[in-house]
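A.B. asks: I'd like to ask some things about the structure below.
The values are calculated or read from the model by the stated rules, or taken from the named source; none is laboratory data. As the structure is a prediction and not an experimental result, all values here were calculated from the model. Because the Cβ atoms are built from the backbone with ideal geometry, glycine has one as well, and the counts that use them run over all protein chains shown.
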Amino acid sequence: MLNIQNLTKRYGDKLAVNDLSLRIAPGEIYGFIGHNGAGKTTTLKATAGIMAFDSGRILINGKDMKTDPLGCKSIMAYIPDNPDLYEFMSGIKYLNFIADVFGVSAADRAARI
């Protein structure tokens, strides 16, 4: 289901994730533990497609996060521990944002919302 190959992410001169490779099969559960700055959140955000990475590949059910980000996002979810990511949006703006992400037409979105 999840295949991370040689993932690397830098913040300027700081190396946050260094050549990480990981494969998680369907039904497996993984937890990321480590000290602050170890790259846990960076890895999860890159996997969720909300943060760009410098090199490597992230495949979700065989779909590539760089070449098919919407395809990847349509089969997975990311729930942050701090839900203020979209704090600036009203409820209707948030629903329209999600409809845009999933390519819902204007007519269909109006009916659904």
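A.B. asks: Looking only at the stretch 10-29, which residues are under 20 Å from residue 78 (Cβ atoms) and in contact with a Leu (Cβ under 8 Å, 6 or more places away or on another chain)?
C.D. replies: If the condition is that a residue be under 20 Å from residue 78 (Cβ atoms) and in contact with a Leu (Cβ under 8 Å, 6 or more places away or on another chain), then 17, 20, 22, 23, 24 are the ones that fit.
A.B. asks: Is it the case, given these coordinates, that residue 71 is assigned by TED's automatic domain parsing to the domain that holds residue 7, touching a strand residue (DSSP E or B) at 6+ places or on another chain (Cβ under 7 Å) and not β-branched (Val, Ile, Thr)? Walk me through how you get there before you give the answer.
C.D. replies: Numbers: assigned by TED's automatic domain parsing to the domain that holds residue 7: yes; touching a strand residue (DSSP E or B) at 6+ places or on another chain (Cβ under 7 Å): yes; not β-branched (Val, Ile, Thr): yes.
Criteria met by residue 71.
A.B. asks: If you don't mind, another one. Can you tell me which residue in the stretch 1-26 is nearest to the chain's Cα centre (by Cα), limited to those that are touching a residue at least 40 places away in the same chain (Cβ under 8 Å) and farther than 14 Å from residue 55 by Cβ? Don't jump to the end; show me each part of the working.
C.D. replies: So the first thing to find is which residues in the stretch 1-26 are touching a residue at least 40 places away in the same chain (Cβ under 8 Å), and the list is 1-10.
With farther than 14 Å from residue 55 by Cβ added as a condition, the list becomes 1-3.
Details: 1: 14, 2: 12, 3: 13 Å.
The qualifying residue nearest to the chain's Cα centre (by Cα) is 2.
A.B. asks: Restricting the first residue to the stretch 90-107 and requiring it to be farther than 19 Å from residue 69 by Cα, which pairs with a second residue that is assigned to a loop (DSSP other than H, G, I, E, B) meet a Cβ separation below 6 Å and a spacing of at least six or different chains?
C.D. replies: From residues that are farther than 19 Å from residue 69 by Cα, the pairs are 95/113.
A.B. asks: Going through 95, 85 one at a time, which residue ends up being modelled with pLDDT under 90 and surrounded by 15 or more Cβ atoms within 10 Å (Cβ to Cβ)?
C.D. replies: Numbers: 85 fails: surrounded by 15 or more Cβ atoms within 10 Å (Cβ to Cβ).
Just one listed residue meets the conditions, 95.
A.B. asks: Here's another thing I want to ask about it. Report yes if residue 29 is β-branched (Val, Ile, Thr), on the phi < 0 side of the Ramachandran plot and under 13 Å from the mean Cα position of the chain (by Cα), otherwise no.
C.D. replies: Working: β-branched (Val, Ile, Thr): yes; on the phi < 0 side of the Ramachandran plot: yes; under 13 Å from the mean Cα position of the chain (by Cα): no.
No; evaluated as a whole, the condition is false for this residue.
A.B. asks: Across the stretch 33-58, what is the number of residues that are surrounded by fewer than 18 Cβ atoms within 10 Å (Cβ to Cβ), within 17 Å of residue 23 (Cβ to Cβ) and within 11 Å of the chain's Cα centre (by Cα)?
C.D. replies: Residues that pass the stated criteria total 1.
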